[in-house]
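Only the coordinates and a few stated rules stand behind these numbers; no lab work does. Worth saying up front: this structure is predicted, and the values here are computed from it rather than measured. We place every Cβ from the backbone using ideal geometry, glycine too, and count neighbours over all the protein chains shown.
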Amino acid sequence: MSLLVVGLSHRSAPVSVLERASLSPEAQTKLLQDTLAAEPATEGAVLATCNRIELYADVDKFHAGVAELSTLLAQHSGVGLDELTPYLYVHYEDRAVHHLFSVACGLDSMVVGEGQILGQIKDALALGQELHTAGRLLNDLFQQALRVGKRAHSETGIDRAGQSLVTFGLEQLADGAEVIEWAAGKRALVIGAGSMSSLAAATLARTGVAEIVVANRTRGRADRLVEILAQSGGATARAVEMAAVPDELTRADVVVSCTGATGLVLTAEAVAGALGVDFDTASEPSAARAAAAPADLDQHAAWVENGSATAAAQDRAVRRVPVQAPASRPARLALLDLAMPRDIDGAAHRIDGVRLVDIESLAEASADAPMAADVDQVRTIVADEVAAFGAAQRAAHITPTVVALRTMAADVVAGEIARLDGRLPDLDEKQRAEITQTVRRVVDKLLHAPTVRVKQLASEPGGAGYADALRELFDLDPQTVAAVSRADLNDPNRGRS
């Protein structure tokens, strides 16, 4: 196993870098395709969320692999390699396994213990399988990570240590009040209909909001989300076109936005206009004003389609201001921005009556969140599972060699029996069968102890060399061993749980 992961997350990079380095679904596909085209990598998978981008690969050379994966991340994220490099982290072999298992358990999340990451890992695996970039190693790794994450949530109280990013964000908007009391009777506008927005809508419905309006560029997805909300009961839900957002904004008490847009969805001016107040534009830097985000949602939709938002990216780079309104300010409109890059203009926090929480402020708030005692138990589970995964991978590495050895032994037995038939043609079937069985038993007994022992030794750290030794000692045909490996990899029942 030569597993390598190169990535950046909220723990290693500032939000200003993360939002610029975000990957669209199309960019993820191209990144994986280019990863396999690179010399050092034979498998690839990408885990991209609102607060992390990680590229996993099976490489044959460590230093060349790090250089190639780092370059690919820079090329496809749009952030220069020199700028990106200081924020990248690298994990190799067992440390890479430990990292993914920790991520799957929510230990590395912005909100410790959140469970949404499991769905994102599942999506990463599905994309790798669809593109055929995830082979034996990454299929095993990601499937095991999902099992480890589920085990952590079922066997420990890690859920008490954290919650979803949506719930945590609503708690920040409630500013110390109980979310259910704070949300009761409010009108909510959800912009976007992807997985995060769907989770936000479902969470809002459970908190007791009176109405949920879903706006999405593709109306059909908004309609489907509304149907799901209607089936679950609770709040009244309806879908609208993106063009209706300005009008809906005037009636909303809470807005949650999480789209795949590369430009701003809500400008500060639009928020101020919805509240009927003036936005002081004089304090805005002229460069930022010149590079302002689209003034209307039609332009926003065009940016989503074309993936061209250089001006908006420049705008967001200039606006480096705190995004959470002071707790003492009464909020007429609560804004929760869960997108990366951000959907809502950070300058909206300066508008009277607006409270804005986004990924950046959530990261700051979560840094001081208390850790539950169950976290230590989850860490123990992760350590045990990493050891078990490593042992299983090392044992699996030698299995094709052992199978090839036994195949060779069976061929030797068959050849000797054929020669015996030529020398003793008068043997009856019973005698021939007895001799054949005796020879096979002798061979099996001679091979049993060595093959069992070599599997045990190979499963221990540093045991990878036993497969090579076995092939050399018995002069096994490398093509035979490779054929066994391919047959195992193509087994349709392999890896099913």
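At-a-glance table
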quantity	calculated
Approximate spin-label separation Lys150-Ala388, in nm, with each point projected 7 Å along Cα-to-Cβ	1.3
For the stretch 79-163: rounded, prolate or oblate by the Cα gyration tensor [a/c cutoff 1.5]	oblate
Unit charges on C-beta of K, R, D, E only; dipole of the stretch 1-77, Debye	320
Pair Met408, Leu457: separation of 7 Å Cα→Cβ label points (nm)	1.6
Tensor-based shape of the stretch 1-159 (alpha-carbon gyration tensor, a/c under 1.5 rounded, otherwise prolate or oblate)	oblate
Distant-in-sequence amide H partners of Ala134 (H built 1.01 Å from N, under 5 Å)	Gly44, Gln129
Cβ-based net charge around Ala38, under 15 Å, with every Lys or Arg adding one and every Asp or Glu removing one	-4
Cα gyration tensor shape for the stretch 175-265, rounded if a/c is under 1.5, else prolate or oblate	prolate
FRET E, pair Ile435, Glu93, Förster distance 41 Å, beta-carbon r, rounded to 0.05	0.25
Length gained when the stretch Gln129-Arg419 is fully extended (0.36 nm per residue, less Cα-Cα span)	99.6 nm
Spin-label model distance (nm) - Leu446 vs Arg219, 7 Å beyond Cα toward Cβ	7.8
Length added when fully stretched, Ser24-Ala230, from 0.36 nm per residue minus Cα-Cα	71.1 nm
